[in-house]
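Okay, structure first, notes after.
Read-outs throughout are calculated quantities, based only on the coordinates presented, and are distinct from any laboratory measurement. Remember, it's a predicted structure, so these values are computed and weren't measured experimentally. A quick note on method: Cβ atoms are made from the backbone with ideal geometry, for glycine too, and the neighbour counts reach across all protein chains shown.
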Amino acid sequence: MSASMPTGKPGHRVGLTLNYPKSLGVFERYEEAQRAVDYLSDEDFPVENCMIVGTDLRQVERVTGRLSAGRAAAGGLLSGIWLGLFVGLIFALFATSDDALTTVVACVGYGAVFGLVWALIGYALTRGRRDFTSVSQVVATRYEVLTEHKFAEQARDLLASMPAGTTSR
């Protein structure tokens, strides 16, 4: 984090970097880190010199249900219908007014068949190794607020005067 990235124009940083970051605090919840930066902003601190960095990342996967061939087929069918509708509406823009509805309906039909077949092929290729649906997310367990070294003392003084409710570890 202390390495600086290439800069574009003089005085303009490229990307999510700080030249010499100093820690202002480590928080258990993102909202606490956000509150600290918001307080600094309210106190006219140059918050463009701050970062909130999530650390100790972990992937969390929540199983949402059982996946069967029927459920895979239904999902593929619906996805195909949406894709077909989208493509059909685009094609209808270039079709004559008499052919516009026919174009949309045909594209929806082809999309539905394509989505259904594609989903069933995908399901068959898993050979039962993943018969469930899930959603996953990468989450941080801690959030550290950093600022440029030249602003660290000012920021710490401001945070020390912050009303209770946001505490750092």
Once normalised by the length of the chain, the mean sequence separation of its alpha carbon contacts under 8 Å that are 6 or more apart gives a contact order in percent of 40 percent
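Placing unit charges on C-beta atoms (Lys and Arg positive, Asp and Glu negative, everything else neutral), compute the dipole magnitude of the chain about its Cα centre in debye, rounded to 20.
Numbers: 16 positive and 17 negative charges, 184 e Å.
Once rounded to the nearest 20, the dipole reads 880 debye.
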Computed over segment 68-130, the distribution of all Cα-Cα distances in 10 Å bins, rounded to whole %, is 26, 38, 22, 11, 3
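What's the exposure ranking of M162, M51, going from fewest to most Cβ atoms within 10 Å?
Details: M162 15, M51 18.
So the residues, fewest neighbours to most, are M162, M51.
Which of the DSSP-defined H helices in the chain satisfy a minimum axial length of 30 Å, computed from C-alpha atoms, and a minimum mean Kyte-Doolittle hydropathy of 1.6? Could you put the intermediate results ahead of the total?
Numbers: long enough: 69-94 (37 Å, 1.72); 100-126 (39 Å, 1.77).
Qualifying helices: 69-94, 100-126.
Go ahead and estimate [θ] at 222 nm for the chain from helices alone: -39,500 (n - 2.57) per DSSP H run with n ≥ 4, summed, over the residue count, rounded to 500. Could you put the intermediate results ahead of the total?
Numbers: 4 runs with 75 residues, N = 169.
Taking each H run of at least 4 residues, the total per residue is -15000 deg cm²/dmol.
Sort largest first and round to whole Å: the equivalent ellipsoid semi-axes of segment 10-169, each the square root of five times a Cα gyration tensor eigenvalue. Mind dumping the intermediate values first?
On the way: eigenvalues 525, 117, 35 Å².
Sorted largest first and rounded, they come to 51, 24, 13 Å.
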